């Protein structure tokens, strides 16, 4: 499944896949709120992100290919914040995932330069 992703042009930490809703690969397209996943099972995480990328409302997905203390990070960018909320509700209690929502507008001022 990992072969359906490509190395990120922005960061060597991530493998990326453009979503079905973003055929022109526009990075800024979609909402700036993202669904964040943490998992210890990389194969499971990659499969989940691949499935999400097939949704016509999906803009972009990515995952870290190197574990941080056994945990892998995944991100999903959709075209609508309401859909992010629906997916969070669906996955927040999943036994193989930690799932959260990140709003870049709320956290950008805390990022290091």
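Below 8 Å, C-alpha to C-alpha, sequence gap of six or more: please give me the relative contact order for the stretch 54-101 in percent. Write out the running numbers ahead of the final one.
Working: 43 pairs, mean separation 13.3, N = 48.
Rounded, it is 28 percent for the stretch 54-101.
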What does the extension gain come out to for residue 20 and residue 90, with contour length at 0.36 nm per residue minus their alpha carbon separation? 23.2 nm
I want to verify a result. In a Gaussian network model of the chain, Cα cutoff 10 Å, which of these has the top mean-square fluctuation: 11, 53, 100? 11
Ellipticity estimate at 222 nm from DSSP helix runs (n ≥ 4, -39,500 (n - 2.57)) divided over the chain, nearest 500: -6500 deg cm²/dmol
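Taking the beta-carbon count within 10 Å as an exposure proxy, list 43, 80, 69 from fewest neighbours to most. Write down the numbers at each step before the final one.
Details: 43 11, 80 14, 69 5.
Exposure proxy ranking, most exposed first: 69, 43, 80.
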Value of relative contact order over the chain, rounded to a whole percent, pairs C-alpha under 8 Å and six or more apart: 31 percent
Exposure-ranked with fewest Cβ neighbours within 10 Å first, 99, 58 stand as 99, 58
Descending Cα extents along the principal axes, the chain, whole Å: 33, 30, 30
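All of the numbers you see were taken from the coordinates with simple rules; none came from a lab. Being a predicted model, the structure only gives us computed values, none of them experimental. Note that each Cβ is placed from the backbone with ideal geometry, even for glycine, and that neighbours are counted across all protein chains shown.
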